[in-house]
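Have a look at the structure below before the remarks.
The values are calculated or read from the model by the stated rules, or taken from the named source; none is laboratory data. Owing to the predicted nature of the structure, the values given are computational and were not obtained by experimental measurement. Note that each Cβ is placed from the backbone with ideal geometry, even for glycine, and that neighbours are counted across all protein chains shown.
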Amino acid sequence: MAQSNKIEINQTMMKKLLIFSVVMFVFGYAMVPFYEKFCEVAGINNLLQPDKLAKTMEVDTNRWVTVEFDANTRGLPWDFKPLQRSIKFHPGEPVEVMYEITNHSDREITGQAIPSYSPRFLDKHLRKFECFCFTRQVLKPKETRVMPVQFVIEQSLPEHLHTLTISYTFFELPVGSKAVSEK
């Protein structure tokens, strides 16, 4: 009798666990479209669908903005430079610029780029789609790499601003450290 009771309890528990597992799988599967819809409604889906954002953003053809690019390293045996020093475009127009980086050392080095902007509040009007600054970069000895930055300056940029600066500074990351993510 005790053995039969344990088998029933185990079978009931197994059924509950199976149902719970199926419900959790369905919940996890349903979270993807729910998350995408939430991001779309909240307007925070820029990095997940840059092409869609670029297509829906209006271009202000009545004014021009010039962005100057700067590149620096701190404590790294790297050469780091933008392949274009500046670019002129309309607010709302998607832009891509390339940066080149070379590791001159005889060892593999991990670095992280930290952006800075002028004027200081430019980040409120800047939407990056792709940037090497989002992740840490590992360069092998003597390796050279070309890396893109894709962005758009929104029309909400104050009209009195015509020249902006985007600067990146690479710092070495200690081995095993995690990258600093830009928000």
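Quick look at the values:
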item: Failed condition for Gln84, given (1) modelled with pLDDT of 95 or more; (2) loosely packed, with under 15 Cβ neighbours inside 10 Å; result: (1)
item: So Pro115, is it modelled with pLDDT of 90 or more, in the same structural domain as Val59 (by TED's automatic domain parsing) and touching a Cys at 6+ places or on another chain (Cβ under 7 Å); result: yes
item: Counted residues, the stretch 129-159 - those being closer than 24 Å to Asn103 by Cβ and out of contact with any Cys (no Cβ under 9 Å at 6 or more places or on another chain); result: 17
item: Hits in the stretch 69-114 (condition: farther than 14 Å from Pro148 by Cα and small (Gly, Ala, Ser)); result: Gly75, Ser86, Gly92, Ser105, Gly111
item: Test: residue in the stretch 162-174 that is of a type in the set (D, E, K, R) and touching a residue at least 12 places away in the same chain (Cβ under 8 Å); result: yes
item: Sole exception among (1) surrounded by 15 or more Cβ atoms within 10 Å (Cβ to Cβ); (2) at pLDDT 55 or above for Asn45, by number; result: (2)
item: Test: residue in the stretch 152-169 that is of a type in the set (Phe, Trp, Tyr) and touching a helix residue (DSSP H, G or I) at 6+ places or on another chain (Cβ under 9 Å); result: yes
item: Pick from the stretch 87-111, criterion over 30 Å from Asp60 (Cα atoms) and small (Gly, Ala, Ser), ranking: surrounded by the most Cβ atoms within 10 Å (Cβ to Cβ); result: Gly111
item: Test for Thr165: is it of a type in the set (Val, Ile, Thr), at pLDDT 90 or above and surrounded by fewer than 16 Cβ atoms within 10 Å (Cβ to Cβ); result: yes
